[in-house]
Amino acid sequence: IIGVNYFRLQQIDFDGSYDYSDIIVLRHVWNNGVNNLLVFPNPTTNLLNYRVVDLNAVQSVQLLDLFGKQVKSVLVTNGQLSLVDVPSGSYILRVDTGTQMWQQLVVKQ
């Protein structure tokens, strides 16, 4: 949903007791159709290129499987991610600047 969203999880144990996680705040901003993360080529084979508004602000780049498990991570980046050692399949590319995070579905052939 566009705007500020608040999330927390409730864990219920087998004995009926429960506990809540910390509240997480996510802000989703509509950007008038501007794509803040450009990924190409997609699908790709061995090298994935990505562009964000300020490439120098990128702190980390992660490749996640569709369950959210990290497959690959790099801290210093030049706008490219080698996928030579990654099996074929669908993944999520996550680019984090520390203040903003973008995600894009990518396919490795």
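A few comments on the model shown:
- ³J(HN,Hα) computed for each position of the stretch 100-109 - Karplus, 6.51 cos²θ - 1.76 cosθ + 1.60, integer Hz, glycine/proline x: 9, 9, 10, 9, 8, 6, 10, 10, 9, 8
- Mean projection area, nm², convex hull over Cα of the chain: 9.0 nm²
- Under a Gaussian network description of the chain, with springs only between Cα atoms under 10 Å, the residue in D19, D54, D85 that fluctuates furthest is D19.
- Fully extending the segment from F67 to R51 would add 3.3 nm, taking 0.36 nm per residue of separation and subtracting the current Cα-Cα distance.
- Amide H to amide H, with H built 1.01 Å from N, Q59 comes under 5 Å of D96, T97, G98, counting only residues 5 or more places away or on other chains.
- Whole-number accessible area per residue in Å² for the chain, which is evaluated in the context of all protein chains at 1.4 Å: 73 Å²
- Ordering of 57-70, 92-105 by burial proxy (mean other Cβ atoms within 10 Å per residue, highest first): 92-105, 57-70
- Evaluated with a Cβ-only charge set (Lys, Arg +1; Asp, Glu -1), the chain carries a dipole of roughly 460 debye about its Cα centre, given to the nearest 20.
The values are calculated or read from the model by the stated rules, or taken from the named source; none is laboratory data. As the structure is a prediction and not an experimental result, all values here were calculated from the model. Ideal geometry is used to build each Cβ from the backbone, glycine not excepted, and the neighbour counts take in all protein chains shown. Ligands, DNA and RNA are excluded from the accessible area calculation, which covers all protein heavy atoms including side chains. Shrake-Rupley method; radii C 1.70, N 1.55, O 1.52, S 1.80 Å.
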